[in-house]
1. Any idea what the dipole of the chain comes to, in debye rounded to 20, about its Cα centre with Lys/Arg Cβ at +1 and Asp/Glu Cβ at -1?
2. How many percent of Cα pairs in the chain exceed 21 Å?
3. Per residue, how many Å² of accessible area does the chain show with a 1.4 Å probe?
4. If each of Leu55 and Ser22 carries a label point 7 Å out from its Cα toward its Cβ, how far apart are those two points in nm?
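The values are calculated or read from the model by the stated rules, or taken from the named source; none is laboratory data. On a predicted model such as this, the values are computed, not experimentally measured, just so you know. With ideal geometry, Cβ positions are generated from the backbone for all residues, glycine too; neighbour counts draw on all protein chains shown. Heads up: the accessible areas ignore ligands, DNA and RNA and are worked out on the full protein's heavy atoms, side chains in. Shrake-Rupley method; radii C 1.70, N 1.55, O 1.52, S 1.80 Å.
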Amino acid sequence: MRKRVIGKVISDKMQKTRVVLSETLKKHPLYKKYYRHRTKYYVHDEREESREGDLVLIEETRPLSKLKRWRLAKVIKKAEK
């Protein structure tokens, strides 16, 4: 099973590569307060079907370049124009 993550496309300026931001809520071990943990993923988008602002599902894959270790599984929701 490959890991799957839902995130929002924050950059589509590169060819066949998207930058996806994923936010998760984490609980601080000492203070018990919840905070947002943000992670940026470099995602391979072969057909260039996603655009900035889209909600996408990405999945783990073999290393494709220095930073790309994820690929686009599907576009969940298109961004409004």
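1. Dipole about the Cα centre, nearest 20: 440 debye.
2. Of all Cα-Cα pairs in the chain, 30 percent lie more than 21 Å apart.
3. Computed with neighbouring chains in place, this is 79 Å² per residue.
4. 1.6 nm
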